[in-house]
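Read through the structure below, which is laid out as structure tokens, and then see the notes.
The values are calculated or read from the model by the stated rules, or taken from the named source; none is laboratory data. It should be emphasised that the depicted structure is a prediction, and the values quoted were computed from it without experimental measurement. Cβ placement follows ideal geometry from the backbone for every residue including glycine, while neighbour counts extend to all protein chains displayed. In case anyone asks, the SASA skips ligands and DNA or RNA and just uses the protein heavy atoms, side chains included. Shrake-Rupley method; radii C 1.70, N 1.55, O 1.52, S 1.80 Å.
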Amino acid sequence: MSQPTDGSPAPSITYRESGVDIDAGNALVEAIKGIAGSTRRAGADADLGGFGGLFDLKRAGYRDPILVAANDGVGTKLRIAIDTGRHATIGIDLVAMCVNDLVVQGAEPLFFLDYFAVGKLDVATATSVVAGIGEGCRQAGCALIGGETAEMPGHYKGDDYDLAGFAVGAVERGEILPRLDVAIGDLIIGLPSSGVHSNGYSLVRRLAAEEKLGWNDPAPFAPGVSLADALLEPTRIYVKPILRALEATSGAVDGPIKALAHITGGGLSENLPRVLPPTVAAAIDLTSWRAPAVFGWLAKAGRLPDAEMLRTFNCGIGMVIVVAKEGVESVMEH
């Protein structure tokens, strides 16, 4: 802004004129209070507006808890959501990537916080994203107790935004997984994924470009569905069925479930060994499940051998449970 020529003082340059709208931020807080309230659970009031979120472990029923924390994002899957204006489910992915990492250690997710960074805050878009985060929290049984919205003009361009999630859970001392008694003869249960989940999307996007496919084109592996909708299928949240199975089969101390592995980046090849002692290895029959069609398309489009597929994608198995042989049927029931 140029200096006035009549000698009068130059007008002030406000925060809004520099690109940050405090009123929009306040409007977003008001818009999402109901979303946070819908995630209430024992130990959390889920009220927003304070400087920090509070959680009462005693009210949640814990006697001697160990806290478990995880944080993550959704990678370049976010690029598809932004480019297509489809924001409704990306928040579910954000929660899933964090809480699935908690439950593999036997922990119940208790509360969640999000970080939403954007160049210029659009309240409708942000509310849609946070609504997905609320849905993910409800699926996981954890409370959305706070977060941060950062408006950063000049850093993010156009409609771009970024997400990070932070989850904290608890497990009673002595019930932490994996256990040390994983042994030869134990069996492995694979839980199905809902699709690509939230890793490998840099390759997915490259292959879509190589195949000259637009996001609104029909998905070659899912008749009647656009490529964007098929690839934005949210990450499955495994928390509640796994916690039910742990509780129903005598818990983590002496029950049949000995270890869990969340199959994300690195695939089965790298994530399953992380929960196994050095004295054992996993033997997996690749013909024992049918991978969703998206993985066949990815393998064909990229001319990818099995080894590369298995260390890049979940290939249809999003969570693995290591179980004592005699307890397999009871775990499978849950």
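Straightening the chain between Asp217 and Lys33 buys 62.6 nm, computed as 0.36 nm per residue apart minus the Cα-Cα spacing.
In the range 228-334 the Cα-Cα distances spread across 5 Å bins starting at 0 as 2, 10, 19, 21, 20, 14, 8, 5, 1, 0 percent of all pairs. Are there trypsin sites (Lys or Arg not before Pro) in the range 163-233 that DSSP puts in a loop and that have at most 13 other Cβ atoms within 10 Å, and which ones? Here the sparse-neighbourhood loop sites are Arg173, Lys212. Placing R0 at 35 angstrom, the Cβ-Cβ distance between Arg274 and Arg59 gives a FRET efficiency of 0.60 after rounding to 0.05.
Got a number for carbon plus sulfur as a percent of the range 139-212's accessible area, 1.4 Å probe?
Values: 1880 of 3520 Å².
Ligands and nucleic acids excluded, carbon and sulfur reach 53 percent.
Across the range 236-283, the volume of the C-alpha convex hull divided among the residues equals 93 Å³ per residue.
The portion of the accessible surface of the range 45-95 made up by carbon and sulfur, rounded to a whole percent, is 50 (1.4 Å probe; DNA, RNA and ligands excluded).
Accessible area of the range 235-321 with a 1.4 Å probe: how many percent of it is carbon plus sulfur?
Numbers: 2170 of 4130 Å².
Percent of accessible area from carbon and sulfur atoms in the range 235-321: 52.
A helix-only calculation puts the chain at -9500 deg cm²/dmol for mean residue ellipticity at 222 nm, using -39500 (n - 2.57) for each DSSP H run of at least four residues, averaged over all residues. Loop-resident trypsin sites (Lys or Arg not before Pro) (DSSP state other than H, G, I, E or B) in the range 213-298 with no more than 14 further Cβ atoms inside 10 Å of their Cβ: Arg290. When exposed loop sites are taken as chymotrypsin sites (Phe, Trp or Tyr not before Pro) in a DSSP loop with at most 14 other Cβ atoms within 10 Å, the longest stretch of the chain clear of them is 52-288.
Sorted from greatest to least, the principal axis extents spanned by the alpha carbons of the range 127-202 come out as 56, 31, 22 Å.
Per residue, the range 221-334 exposes an accessible area of 49 Å² to a 1.4 Å probe, with every protein chain left in place. Within the full protein context, the accessible area of Val29 is estimated at about 50 Å² for a probe radius of 1.4 Å. Remark: the range 96-174 carries 33 Å² of accessible area per residue (probe radius 1.4 Å; ligands, DNA and RNA excluded).
Only Cα sites of the chain enter the Debye sum here, all with the same form factor; the resulting log10 I(q)/I(0) across q = 0.07, 0.09, 0.14, 0.15 1/Å is -0.34, -0.54, -1.14, -1.25, listed in q order.
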